[in-house]
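Structure first, commentary second.
Computed from the coordinates by the stated procedures, all read-outs in this text should not be read as laboratory data. Since the model is a prediction, treat every value here as computed from it, not as a measurement. Note that we place each Cβ from the backbone using ideal geometry, even for glycine, and neighbour counts take in every protein chain shown.
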There are 2 protein chains.
Amino acid sequence: MASRKTSILEAAARVIARRGVRGLRVEELASEAGVSTALIYYHFKDRTGVLRQTLEFISDRAERYTTDRDAGAPPATPREELEQTLLLELQDTAVVRENSTAWGELRASAVFDETLREDLARATRVWVQEVAELLGGVRPMSPAVALAGAAERLTALLEGLSTRWLSGSLPLAHARTLMTEAIDAEVARLGA
Amino acid sequence: MASRKTSILEAAARVIARRGVRGLRVEELASEAGVSTALIYYHFKDRTGVLRQTLEFISDRAERYTTDRDAGAPPATPREELEQTLLLELQDTAVVRENSTAWGELRASAVFDETLREDLARATRVWVQEVAELLGGVRPMSPAVALAGAAERLTALLEGLSTRWLSGSLPLAHARTLMTEAIDAEVARLGA
């Protein structure tokens with residue numbers, strides 16, 4: 001069973017995905033999570049503390065659902081692992097939709113509010129580093145700087161495609177095709 | 001001199017870039033533009049009308065500043081034209097920062113509010129088509145579907161990089177390098 005703190009973070013991700021970061025008030029979060037506002041202040045100090053930890057929570061959750069493998073499945077090749085990690089962010093499931101919406105909202109709100117910028121930059125670096133390592137598995141002879149650049153592009157493209165999908169400008173199946181072709185182009189660019 | 005309607009649209013772009021779409025109220029827009037709320041309702045019918053026409057206004061403005069050439073400059077090659085069009089969206093000038101912030105906000109708000117989705121999808125298609133034509137100048141033998149895919153990726157990447165830049169996760173100079181390398185990768189993928 002999830003701890004009380006985890007339940008609050010799950011509720012915060014739901015509220016942000018439904019109404020945006022700017023729609024998140026501590027009173028509503030308490031009501032959504034079925035706890036008192038005092039408990040929220042106890043665990044998170046203030047609204048900024050809630051937002052910071054929600055950012056970490058949704059990053060961790062994305063890492064979980066993009067790295068889960070079926071127990072009985074044959075081991076994935078590095079290329080399959082890379083594709084799976086990126087394409088699992090483009091799925092029409094409740095958790096991916098909620099996670100991507102909340103991530104996009106935290107990103108968009110950081111344009112106006114400097115509070116979250118440092119945490120967001122750190123979470124972005126961690127994500128880029130993970131994708132760079134997967135690219136390194138596909139192209140082991142590539143220099144680190146080339147892998148990092150390709151990872152920055154693939155993750156920034158994923159953010160762009162995801163926001164287009166969620167805002168109704170791009171069908172999901174086509175977003176997945178575009179992402180797969182981008183992986184092709186970057187892997188080709190890294191050479192053998 | 002700009003018409004009264006244009007002044008209102010300029011003021012709307014400023015307000016959205018400063019406080020977000022959700023911070024735009026007709027009363028504040030009237031005060032920012034130095035006009036009456038009645039004049040705003042006369043020109044735009046309602047707040048949705050303001051948002052729709054602001055979206056068109058910032059798309060047109062982006063097209064202007066990305067296609068302006070110095071009168072005395074030698075004609076650009078197709079590749080230079082393509083790079084210039086995309087890289088001019090990654091400049092630290094007041095108008096580009098304001099335009100990109102407002103565009104990102106309209107995109108982000110469409111995730112929650114369906115009203116703008118159709119206009120946004122149309123503006124996205126127009127932009128993709130322009131970039132596809134520039135790519136066709138660089139690679140005239142490429143099939144239209146390949147050009148369109150590359151244009152969708154380059155413009156979605158630009159949105160992703162631009163939001164990372166504006167939210168403090170990516171230095172501008174590095175965003176420009178990443179964009180230039182993406183153009184290389186896509187042009188290489190299109191072949192000769």
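Here are some notes:
- Looking at B:E186, B:E159, B:E181, just one residue is facing chain A (nearest Cβ under 9 Å), within 19 Å of B:A17 (Cβ to Cβ), assigned to a helix (DSSP H, G or I) and not basic (K, R), and that residue is B:E159.
- Odd one out for B:E130, checked against (1) within 10 Å of chain A (Cβ to nearest Cβ); (2) within 14 Å of the chain's Cα centre (by Cα); (3) of a type in the set (D, E, K, R): (1)
- Scoring B:R79 on the criteria (1) part of a helix (DSSP H, G or I); (2) farther than 20 Å from B:T180 by Cα; (3) more than 18 Å from the chain's Cα centre (by Cα) leaves a single failure, condition (2).
- Among the candidates B:A148, B:A123, B:A144, residue that is out of contact with any helix residue (DSSP H, G or I) (no Cβ under 6 Å at 6 or more places or on another chain) and surrounded by fewer than 23 Cβ atoms within 10 Å (Cβ to Cβ): B:A144
- Test: residue in the range A:86-94 that is part of a helix (DSSP H, G or I) and buried (at least 18 other Cβ atoms within 10 Å of the Cβ): yes
- For B:R22: the one exception among (1) within 16 Å of B:T155 (Cβ to Cβ); (2) assigned to a helix (DSSP H, G or I); (3) of a type in the set (D, E, K, R): (1)
- Qualifying residue in the range B:37-53 (condition: within 13 Å of another protein chain (Cβ to nearest Cβ), in a helix (DSSP H, G or I) and either touching a His at 6+ places or on another chain (Cβ under 7 Å) or in contact (Cβ under 8 Å) with a residue 60 or more places away in the chain (or both)): no
- Evaluation of B:R117 against the conditions (1) within 10 Å of chain A (Cβ to nearest Cβ); (2) assigned to a loop (DSSP other than H, G, I, E, B) shows that the sole unmet condition is (2).
- Of the listed requirements (1) away from chain B (no Cβ under 14 Å); (2) in a loop (DSSP other than H, G, I, E, B), A:F112 misses just one: (1).
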